[in-house]
1. Test B:Ile193 against the criterion of being open to solvent by less than 70 Å² (accessible area, probe 1.4 Å) and either within 16 Å of B:Leu17 (Cα to Cα) or within 14 Å of chain A (Cβ to nearest Cβ) (or both), and give yes or no.
2. When the residues of the range A:127-156 are filtered to those that are open to solvent by 70 Å² or more (accessible area, probe 1.4 Å) and within 21 Å of A:Glu185 (Cβ to Cβ), which remaining residue is modelled with the lowest pLDDT?
3. Within the range A:97-119, how many residues turn out to be open to solvent by less than 70 Å² (accessible area, probe 1.4 Å) and assigned to a helix (DSSP H, G or I)?
4. So, of the residues in the range A:169-190 that are within 7 Å of chain B (Cβ to nearest Cβ) and assigned to a helix (DSSP H, G or I), which turns out to be surrounded by the most Cβ atoms within 10 Å (Cβ to Cβ)?
5. Does B:Asp112 fit the bill of being within 30 Å of B:His87 (Cβ to Cβ) and away from chain A (no Cβ under 14 Å)?
6. Of the residues B:Ala122, B:Ala159, only one is out of contact with any Phe, Trp or Tyr (no Cβ under 9 Å at 6 or more places or on another chain), in contact (Cβ under 8 Å) with a residue 60 or more places away in the chain, surrounded by 14 or more Cβ atoms within 10 Å (Cβ to Cβ) and of a type in the set (Gly, Ala, Ser); which?
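The values are calculated or read from the model by the stated rules, or taken from the named source; none is laboratory data. A quick note: this is a predicted structure, and the numbers were derived from the prediction, not measured. All Cβ positions, glycine included, derive from the backbone under ideal geometry; neighbour counts span all protein chains shown. Areas reflect the complete protein model, heavy atoms only, side chains present, ligands, DNA and RNA absent. Shrake-Rupley method; radii C 1.70, N 1.55, O 1.52, S 1.80 Å.
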2 protein chains.
Amino acid sequence: MKIITISREFGSGGRELGKRLADAMGITCYDQQIIEMIAEKEQLDKTYVANKSERSISAFYPTTIARGFYRPNYAMIQSAQIMASEHELIKKIASEGNCIIVGRAADVILADMQPFSIFVCADDETKLQRCRARADSDEKLTDKELLRKCCEIDKRRAAYRKMFTGKKWGEASGYHLCVNTSGKEIKQLVPGILEYIQNWISEE
Amino acid sequence: MKIITISREFGSGGRELGKRLADAMGITCYDQQIIEMIAEKEQLDKTYVANKSERSISAFYPTTIARGFYRPNYAMIQSAQIMASEHELIKKIASEGNCIIVGRAADVILADMQPFSIFVCADDETKLQRCRARADSDEKLTDKELLRKCCEIDKRRAAYRKMFTGKKWGEASGYHLCVNTSGKEIKQLVPGILEYIQNWISEE
């Protein structure tokens, strides 16, 4: 059995890579579905869950928490609940069979199952192009604003990962394979990655 | 024309990967030869050149240099000379045709030629095993000492790279592809990397 996890910079094409790899391997790729499943289970709005997911729970703690008594507020409790629900769901999905999971620090959550972990990154120009191509028609951000948004989302993802592991987000040694999609079409990169994964798995 | 550069953690198998990729592609892999060629050109001892190569030149500067007058010493001048000679040689090699260059921050030195850059890393256990397998019979270091040696060499390589680029050594976004060889035979990883590079190049 093999689980593949994909961590990705916002706009790098990680989601498309997950989908294409899953199609080529005949397995399921989980991405937004995880949010939808949690929203349904917890009876919460999808956008609200998406916003809380991959956000460091530590962001809800005041800096003084270590120094004295502090009563956690509702937002903190709900964030913790969503996170616990997400972990439980990711473990359930992985236990059911081969699959690809995009984001949500799944490589760390599933560490015991030794998933094959991929990190996807790209340069600013490529990320901008990718964001523009998929943006809603009412997206009126300037390039600078859009890049700032990418950067903020990545910072949140990095912080979320840091809660569970000593490894830095985006540092090669924390993954099995890191691919840089700068200036490339994702579909051109799939055959090599597929071959790499298949040889990796066959050797286990 | 395509140039491939390999940066690698000490003991991760980067040198073997370079050799195997070059054999599969029918091109030359430059590694120790660069040291030998410089030693010959500069009429210096091979070990001396190897020791100076990939060592940050800043290590020879006293910390007070920015504050006052300082006369560079002989070691500094010779280091700078070896570095300049190395850069010149790497550019010459790359201009002559397809090749693979291992180490020496070749990806940064050859940035104008847009080489395909690979970073190779591995976990401590794999690095120890690889070092033990190739160590001289008189190598009597304990695991802890051997890991410290790996770490010191990597620190030097990181500092050398940092002189030329803002990107951190080992950070995925600084390379086209990062492979983690932990627990694996290098030969099993070659076909996937080869396929990946060939698709990358064919698209250019």
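1. On the way: open to solvent by less than 70 Å² (accessible area, probe 1.4 Å): yes; either within 16 Å of B:Leu17 (Cα to Cα) or within 14 Å of chain A (Cβ to nearest Cβ) (or both): yes.
So B:Ile193 passes the test.
2. It comes out as A:Arg134.
3. Within the range A:97-119, the subset open to solvent by less than 70 Å² (accessible area, probe 1.4 Å) is A:97, A:99-111, A:115-119.
Narrowing further to those that are assigned to a helix (DSSP H, G or I): A:106-109, A:111.
Total meeting the criteria: 5.
4. Filtering the range A:169-190 down to residues within 7 Å of chain B (Cβ to nearest Cβ) leaves A:170-173, A:175-180, A:184, A:188-189.
Filter once more, so that each one left must be assigned to a helix (DSSP H, G or I): A:172-173, A:188-189.
Numbers: A:Ala172: 27, A:Ser173: 18, A:Gln188: 14, A:Leu189: 25.
My answer is A:Ala172.
5. Values: within 30 Å of B:His87 (Cβ to Cβ): yes; away from chain A (no Cβ under 14 Å): yes.
Against the criterion (within 30 Å of B:His87 (Cβ to Cβ) and away from chain A (no Cβ under 14 Å)), B:Asp112 qualifies.
6. Details: B:Ala159 fails: out of contact with any Phe, Trp or Tyr (no Cβ under 9 Å at 6 or more places or on another chain).
Answer to the check: B:Ala122.
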